Each structure stands twice: as C-alpha cells, then as structure tokens.
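The values are calculated or read from the model by the stated rules, or taken from the named source; none is laboratory data. As the structure is a prediction and not an experimental result, all values here were calculated from the model. As a convention, Cβ positions derive from the backbone with ideal geometry for all residues, glycine included, and neighbour counts pool all protein chains shown.
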Ligand SMILES: *Cc1c(COP(=O)(O)O)cnc(C)c1O
C-alpha cells in the first residue's frame with residue numbers, strides 16, 4: 001500500500017452523511033416507575049385478537065418464504081377499500097415504500113418538496129436517493145398548497161404530504177388536496193401519506209383514493225403500524241397508478257414483507273369491530289385530552305389524528321415538562337427536530353395513561369388535577 005493510500009477508505013455517496021439519523025420517540029424512564037409510552041403514536045388498545053391468533057399460527061410456517069407478491073393481502077385490501085389489487089404494493093412499513101418512491105423518482109440534482117413541520121422520513125429518503133430536500137412553509141402549523149406550489153422548479157420530482165401530518169395533527173381538506181393535485185405539473189409525483197387516515201372523523205377529509213384513481217401522478221401510502229396496532233411487524237401499502245406500482249415493484253426486495261406480517265395483516269383487516277372501537281376510543285379521549293390540557297393554560301393544536309401537539313411557553317418549559325413527565329413514567333415525544341422546541345407531542349393512550357398525563361401536567365403547572 002503506498003503512503004498516499006493510507007487515508008483512503010470507502011466513501012458513501014454524496015447526501016448520505018447529510019442525513020441526521022432518525023431519532024425515535026424514547027421508550028425508557030427511571031426503572032422504578034411504570035412506563036406509559038406515549039411517544040410514537042402507537043395504539044393503546046393493541047391489535048385485534050384475531051391478528052394475535054394469526055401471528056401465533058405463523059410459528060408453523062417460519063421455514064417457508066412468504067408470497068413475494070403479497071397477493072392475498074392485496075386482495076384483502078382491495079376488497080376492504082374497493083381498490084384494484086393490481087395497483088397495490090405492500091412494504092415493510094410505509095417507510096420502506098416512501099424510500100422506494102424516492103429511489104425510483106429522485107436522483108442527484110432532483111428535488112423533493114415537503115412542508116416545514118413534515119414527517120422526518122421524507123428528508124431522509126430524499127437525501128438517501130441523492131436528491132435535494134426543499135421545504136415549503138406552513139401556515140398555522142398546517143401545510144399550505146400555495147407555499148408548496150411556490151417551491152416547484154423544473155427539478156421537482158416528488159411532493160411528500162402527510163395528511164394528517166405528524167407531528168402537528170393538522171390536515172388539508174379534500175378540496176385543498178384536489179387543488180394541489182390539479183395544479184402540480186404532470187411530471188411531479190404527489191405522495192399522500194395517509195398513515196392516520198382511519199382516525200380522522202372530519203367529513204371534509206379524504207385519504208385521496210379517488211385522486212389516485214383519477215391521476216397518473218398521485219400515490220397514497222397507508223400503514224398497519226398505527227390504528228391496526230402492528231408497528232412491530234412492519235407492514236404498509238401503497239395504492240398508485242400502474243406505472244408507479246411497476247417502478248416500485250422493480251426496486252422491491254423479492255420477499256420484502258414477512259409471512260407473519262402478511263397473514264396478520266389479513267386477519268387484522270377482518271376485525272371491523274376492533275377498528276370501530278379503536279376509532280371511538282381515540283375520538284373520545286383526544287377530545288378529553290385537548291379540553292383538559294387547554295384548561296391548564298397550555299396550547300393544543302387541533303388534531304385529526306391519534307396525538308396532540310402541546311405548546312409550552314418556550315423551549316425551556318417544554319424541556320422541563322418532558323423531564324417532569326418522564327420521571328413519572330409518562331413518555332412524550334420531544335419535537336425540536338421538527339422545528340417545534342417549545343412543544344411536546346402526546347399520543348392518545350389508555351384512560352389510565354390519559355388521566356395520569358393531565359394530572360401530572362396540572363401539577364407541573366401548579367394547578368389542580370382534572371375534575372373527572
Ligand atoms: C407513523 C407514520 C408512518 C408509518 O410508518 P411505518 O413505516 O408504516 O411504521 C408513516 N407516515 C407518518 C407520517 C407517520 O407518522
């Protein structure tokens with residue numbers, strides 16, 4: 001080896017080292033307290049009992065590769081949502097599908113647009129693909145169609161939009177989404193990430209299935225990680241135009257979704273009662289939490305999802321509250337990395353957890369606990 005080689009070593013492509021590794025919500029606290037993990041928008045009700053039974057049955061087939069085409073799950077999703085199964089692609093979480101979309105459509109010099117407080121994975125996937133992230137301002141902690149359109153350039157390849165968005169919980173209504181899709185240049189792919197769609201009860205909301213059906217440049221992603229309670233299994237899917245599905249299918253690993261994920265996903269789709277119960281629990285407790293927390297003098301962003309963004313006076317107070325709650329086993333999500341250092345994000349939990357959070361916040365603010 002010549003001396004000029006002594007510092008040489010493999011170098012990642014440009015963009016890779018620009019990625020700040022994703023920091024998940026924390027899940028630990030002092031050992032002596034019971035932990036309530038309210039930091040990752042997981043469901044407090046867990047998956048359907050039918051899903052758990054299906055998982056147990058999978059122990060018999062662990063040596064057998066899964067169906068790489070995920071046909072049975074795509075057919076179950078097609079039946080459930082009235083979609084053509086040929087236009088569905090399944091992934092190891094919707095995150096995997098977001099990466100595939102970035103790899104398929106973004107190269108060096110290309111741009112993706114996402115919003116100011118948009119979901120962190122869009123930036124990571126864009127940089128991983130060698131592209132340039134472009135951030136569109138939000139208005140009132142809500143995506144703005146006009147700000148997004150103002151960032152379009154000839155290099156724009158993808159607009160990523162979480163609807164509702166994480167960590168703000170805000171959403172664009174059906175008319176605004178339609179306006180965005182109609183105004184985008186035809187070569188720009190609109191990715192609508194509807195991870196929280198099942199939780200939304202507002203009548204003017206759409207997960208945008210009809211826009212996917214009507215356009216060659218709109219894709220919707222969905223997940224089993226949130227309301228279906230299967231985050232550990234890693235299962236998501238997209239519905240898109242045939243040519244987009246074809247591109248993603250070429251990038252996909254031949255067995256990217258495990259057999260347990262496929263079989264448990266099908267079982268979960270079969271339990272409509274569990275889904276309804278989960279929606280109802282969230283609706284009730286999201287409203288209760290928003291009311292009680294606002295009554296303590298804290299700001300709460302109206303949320304369409306299964307979490308609330310709580311506003312403190314400043315970043316110091318948010319950090320102090322985070323520490324105070326963590327010491328009591330109540331784990332919330334700090335969101336400095338989303339440009340919201342004065343906020344904490346709270347996932348809707350069990351009744352017990354929700355009441356403990358409000359009581360602890362009341363103590364933190366030096367006020368009485370909730371009346372109920
Ligand atoms: C949680 C979440 C997802 C889901 O990711 P998975 O990889 O399916 O677990 C996707 N998008 C947003 C905005 C989320 O908050």
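Quick notes on this structure:
- Residues of the stretch 210-229 that are surrounded by fewer than 24 Cβ atoms within 10 Å (Cβ to Cβ), away from the ligand (no atom under 13 Å from the Cβ) and more than 15 Å from residue 86 (Cβ to Cβ): 210, 211, 214, 215, 216, 217.
- Conditions (1) within 12 Å of the ligand (Cβ to nearest atom); (2) in a helix (DSSP H, G or I); number of the one not met by residue 118: (2)
- Any hit, the stretch 149-156, residues being in the same structural domain as residue 176 (by TED's automatic domain parsing), surrounded by 19 or more Cβ atoms within 10 Å (Cβ to Cβ) and more than 19 Å from residue 181 (Cβ to Cβ): no
- Given (1) more than 16 Å from the ligand (Cβ to nearest atom); (2) in contact (Cβ under 8 Å) with a residue 24 or more places away in the chain; (3) under 21 Å from the mean Cα position of the chain (by Cα), number of the condition residue 107 does not satisfy: (3)
- Any hit, the stretch 49-59, residues being in a loop (DSSP other than H, G, I, E, B) and either under 30 Å from residue 267 (Cα atoms) or at pLDDT below 95 (or both): no
- Some residue of the stretch 2-9 being modelled with pLDDT of 95 or more, surrounded by fewer than 11 Cβ atoms within 10 Å (Cβ to Cβ), more than 16 Å from the ligand (Cβ to nearest atom) and part of a loop (DSSP other than H, G, I, E, B): no
- Criterion: within 25 Å of residue 66 (Cβ to Cβ), surrounded by fewer than 18 Cβ atoms within 10 Å (Cβ to Cβ) and within 16 Å of the ligand (Cβ to nearest atom) - qualifying residue of 232, 195: 232
- Residue in the stretch 88-102 that is more than 16 Å from the ligand (Cβ to nearest atom), in contact with a strand residue (DSSP E or B) (Cβ under 9 Å, 6 or more places away or on another chain) and at pLDDT 95 or above present: no
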